[in-house]
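Right, one structure below, let's go through it.
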Amino acid sequence: MHEYSLVEALVRRVEEEAARRGATAIHAVRVSLGELSGVDAELFRTAWETFRAGTGCARAELALAPVAAAWSCTACGAAIPRGAVLRCAGCGAPGRLSERADALLLESIEMEVP
Amino acid sequence: MCTTCGCGDAELVPVELHEKILAGNDRTAAHNRAHFREAGVLALNLMGSPGSGKTAVLEATAGLFPGLALGAVSADLATDHDARRLERAGIPSRAITTGQACHLDAEMVHRSLHGFPWQALDLFFIENVGNLVCPAIYDLGQEANVVALSVTEGEDKPLKYPVMFQKADLVLLTKADLLPHLDVEVDRIRDALARVLPEPQVLLLSARTGAGMEAWKGWIEARRARVPAKLRLPLAGHVHRG
């Protein structure tokens, strides 16, 4: 389970950004979580609840936005159905994964500045 | 301060970042990669479940390259058994004991290089923690990911762990010598891989009998040909941590 080390990295980065901007409070942290990011949303949330106590994120809401994975043909753009072989049924070219479907991104932070 | 009416209340500011949470790891991985390329070392990250045969493949690889210098770091939660096995097979190795960590990250690999004569190597194997989940998302600075999947693990393993197999530049189907004793069809494993990876590269081999090891050797040689012998990358502004 690597969600704890990811949350640790997230909290540190948020605290760093808040300090840089002289924030007095952090209200929300928005994260997008790709279906193929290798991260489980529930575990991530549990790790967040455990880890944020005593940090600058203690009162911040975690907003997790799921990003679904979709495959399409690299040549003709045709959609490849879920669960199918990742080759275009029409032209035989290999598939390409949709953007951000394999990423775990810190999208934005809502903070209070004096 | 609130700029609308000047009331003195704090202002709520949205800060847009859109950055990877693993950006810090990726920076260290890029640093490792620059080091490896500069020294002309082909670094391979070998992943797979516990018991998939990672160490056995490396033991059998030791004799394939008589003219080259091989080295490895081998990660386990506890014990240095695998590193010792590799040493006995003739591959200078260092153990990384990760404790509770279920994967290697770029910093652990970086630290393991200190005091290890990796610059003199031609092939450097990073044997990851046996795990089909966590190691997949950490870039270590390798040139390629190799995932070992033993034929005993079930035909649908790639469908159950798509993130790991999607990261594989090469899948080694290990323990091929056991096929006569199993109800496993290799074509079904290949089919499962083709559903998580657009262009799967697959080699069927047995470390025990040596079957398929020539093809594995050929794959490594082809990869090695892409790493220039002494690629001097400019490392201006390069700060060495730790």
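The values are calculated or read from the model by the stated rules, or taken from the named source; none is laboratory data. On a predicted model such as this, the values are computed, not experimentally measured, just so you know. Note that each Cβ is placed from the backbone with ideal geometry, even for glycine, and that neighbours are counted across all protein chains shown. The protein model used for the area step is the full one, side chains on, heavy atoms only, and it has no ligands, DNA or RNA in it. Shrake-Rupley method; radii C 1.70, N 1.55, O 1.52, S 1.80 Å.
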Based on Cβ point charges of +1 for Lys and Arg and -1 for Asp and Glu, what charge dipole magnitude is obtained for segment B:23-225 about its Cα centre, in debye rounded to the nearest 20?
260 debye
Estimated dipole of segment B:17-106 in Debye, rounded to 20 [Cβ of Lys and Arg +1, of Asp and Glu -1, Cα centre]
120 debye
Keeping every protein chain present and rolling a 1.4 Å probe, give me the accessible area per residue for chain B in Å².
45 Å²
Measuring from its Cα centre, the protein assembly as shown shows a charge dipole (+1 at each Lys and Arg Cβ, -1 at each Asp and Glu Cβ) which, in debye to the nearest 20, is 980 debye
DSSP bridge orientation in chain A - percent antiparallel, rounded to nearest 5
65 percent
Most fluctuating of B:202, B:13, B:171 in the GNM of chain B (C-alpha, under 10 Å) is B:13
Among B:175/B:217; B:20/B:167; B:20/B:157; B:54/B:167, the pairs whose Cα-Cα distance exceeds 20 Å are B:20/B:157
Segment A:43-114: which trypsin sites (Lys or Arg not before Pro) are DSSP loop and have at most 11 other beta-carbon atoms within 10 angstrom?
A:59, A:82
Given the -39500 (n - 2.57) contribution per DSSP H run of 4+ residues, what per-residue ellipticity at 222 nm results for chain B, rounded to the nearest 500 deg cm²/dmol?
-8500 deg cm²/dmol
Below 14 angstrom from the Cβ of residue B:189, what's the summed charge of the other residues (Lys, Arg +1; Asp, Glu -1)?
-1
Among bridges DSSP assigns within the protein assembly as shown, what percent are antiparallel (round to 5)?
40 percent
For the pair residue B:215 and residue B:34, the simple spin-label estimate (label points 7 Å beyond Cα toward Cβ) gives in nm 3.9 nm
Given an 8 Å cut-off on Cα distances and at least 6 residues of separation, report the relative contact order of chain A as a percent.
38 percent
Please compute how much accessible surface disappears when B pairs with A, both sides summed, using a 1.4 Å probe, and round it to the nearest 100 Å².
2800 Å²
Local electrostatic count, residue B:15, Cβ distance below 9 Å [Lys/Arg +1, Asp/Glu -1]
-2
Just for chain B, what percent of DSSP beta bridges are antiparallel, to the closest 5?
5 percent
Suppose a student asked you for the relative contact order of chain B, using Cα pairs under 8 Å spaced at least 6 residues apart; what percent would you report?
24 percent
Under 5 Å between amide H atoms, partner at least 5 residues away or on a different chain: which partners does residue B:150 have, H built in plane at 1.01 Å?
B:174
For the protein assembly as shown, the percent of all C-alpha pairs falling in each 20 Å bin, from 0 up to the bin holding the max distance, is 26, 53, 18, 2, 0
Okay, which of segment B:95-126 sit inside 15 Å, backbone N to the point 7 Å along the Cα-Cβ direction of residue B:79?
B:95-99
So what is Rg over Rh here for segment B:23-225, counting just Cα atoms and using Kirkwood for Rh?
0.94
Summed side-chain charge close to residue B:26 - residues other than residue B:26 whose Cβ falls under 13 Å, Lys, Arg +1, Asp, Glu -1
0
Would you be so kind as to identify which of B:104, B:71, B:145 lies farthest towards the positive end of the dipole of segment B:23-225, taking Lys and Arg as +1 and Asp and Glu as -1 on Cβ and the Cα centre as origin?
B:71
Which of B:68, B:204, B:193 moves most in a GNM of chain B, Cα contacts under 10 Å?
B:68
Calculate the spin-label point distance for residue A:64 paired with residue B:191, positioning each point 7 Å from the Cα along the beta-carbon direction, and give it in nanometres.
3.4 nm
Farthest toward positive dipole pole in the protein assembly as shown [+1 Lys/Arg, -1 Asp/Glu at C-beta], among A:18, B:57, A:88:
B:57
What figure, in Å² to the nearest 10, do you get for the accessible area of residue A:46 with a 1.4 Å probe and non-protein molecules left out?
70 Å²
